[in-house]
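Only one structure is covered here, and it is reproduced in the block below.
Just so it is clear, none of the values below were taken in a lab; they were calculated from the coordinates. Predicted, not measured: the structure shown is a model, and the values here were computed from it. Glycine gets a Cβ as well: all are built from the backbone with ideal geometry, and neighbour counts include every protein chain shown.
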Amino acid sequence: MSATVLSTRGLDKSFGSLIVAKDIALNLPQGERYALIGPNGAGKTTLINLMTGMLQPDGGRIFLGDEDITALKPEDRVKRGLVRTFQINALFPRLTPLEAVMLAVCERRQDAGTWWRRLPAYRDAIEEAHTILESLKLGAVCHRPTHELAYGQQRLLEIALALATKPKVLLLDEPAAGVPKEESAELFSVISDLSKDIAILFIEHDMNVVFRFASRIIVMVSGQILVEGSPKEISAHPRVREVYLGRSHHG
């Protein structure tokens, strides 16, 4: 198995008497596509918030590679390669995808505050932004205002902005939320084809998508990891079928 790029050890979090994360230990290997599933309120988004520093754990440790990042601010985790997208779309509606991703590239290169330079000085950033958009099948719409894009394309643009930071780990919180069902498989196909240098952990409720695109699946219930396994193992697991998949699911 590939080297672990993101791991947690004994992660705990409570809000008063409500336990939202209890003794969570997981390992995400380089290049893998892991799905995080579970009923509403299971603690999936909370876990991502803990790993990205949006929430501080009450106990436990978070590691990026061998580095303990538990106390790092979210922006410092991004600089080290841990990046997320959100359920809520938060794009710049009047910028084109090329402009938005170029800005993100310049931010990573620490060029964003030097707009006095002439545009040709940003040719490398423009080329990198265009390459990222092409990889997500957004090349044909890269000059259109973002607000004119189809919703599925806007979700892909969010991922393009994340890729501009050169992540080692990409955490996707329901990337297909709001996307028409016929477009979600295409969106996940593009995600699945991203560089194998990037490990991906995604939250998703559509089990057809999960079983098609995840190499392994982590099931959370009541703030705890119930089980982790291959799609075949998860679809056959009696407790998972009972609490989440429903007895009619056959993988």
request  = Per residue of the range 151-163, in order, report the coupling 6.51 cos²θ - 1.76 cosθ + 1.60 (Karplus, θ = phi - 60°) as ³J(HN,Hα) in whole Hz, putting x for Gly and Pro.
outcome  = 4, x, 5, 5, 5, 5, 5, 4, 5, 4, 5, 5, 5
Size of electric dipole in the chain: Cβ of Lys, Arg +1 and of Asp, Glu -1, about Cα centre, debye, nearest 20 = 140 debye
In Hz, Karplus ³J(HN,Hα) per residue of the range 171-184 (6.51, -1.76, 1.60; θ = phi - 60°; x = Gly, Pro) = 9, 10, 8, 6, x, 9, 4, x, 8, x, 3, 5, 9, 5
query = Among THR45, ALA214, PRO167, which residue has its Cα positioned farthest towards the positive end of the charge dipole of the range 4-245, with +1 placed on the Cβ of Lys and Arg, -1 on the Cβ of Asp and Glu, and the dipole taken about the Cα centre?
reply = PRO167
ask   = Do any of LYS13/LYS232; LYS13/LYS168; LYS73/LYS166 go past 27 Å between their Cα atoms, and which?
value = LYS13/LYS232
query = Taking the C-alpha atoms of the range 4-245, how large are the radius of gyration and the largest Cα-Cα span, Dmax, in Å?
reply = 18.4, 62
task = Could you compute the FRET efficiency for SER17 and SER195, with r as their C-beta to C-beta distance and R0 at 41 Å, rounded to 0.05?
result = 0.40
Helix-only CD estimate at 222 nm, as mean residue ellipticity for the chain, using -39500 (n - 2.57) per DSSP H run (n ≥ 4) = -9000 deg cm²/dmol
query = Which one of ILE225, TYR34, GLN110 has its Cα pushed farthest toward the positive end of the charge dipole of the chain, where Lys and Arg give +1 and Asp and Glu give -1 at the Cβ?
reply = ILE225
ask   = Given H placed 1.01 Å from N in the peptide plane, which residues other than close sequence neighbours of MET220 have an amide H under 5 Å from its amide H?
value = ILE37, GLY38, LEU226
task = Name the long-range amide H neighbours of ASP58: under 5 Å, sequence gap of 5 or more, or other chain; modelled H, no Pro or chain starts.
result = ASP12, LYS13, SER14
query = Residue by residue through the range 21-35, which ³J(HN,Hα) values in whole Hz follow from phi under the Karplus form 6.51 cos²θ - 1.76 cosθ + 1.60 (θ = phi - 60°), with glycine and proline marked x?
reply = 8, 9, 6, 7, 10, 9, 10, 10, x, 4, x, 7, 10, 9, 9
task = Work out the FRET efficiency for GLU233 and ASP124 from their Cβ-Cβ distance, taking R0 = 51 Å, and round it to the nearest 0.05.
result = 0.65
key: Mean separation of Cα contacts under 8 Å (6+ apart) over length of the chain, as relative contact order %   = 27 percent
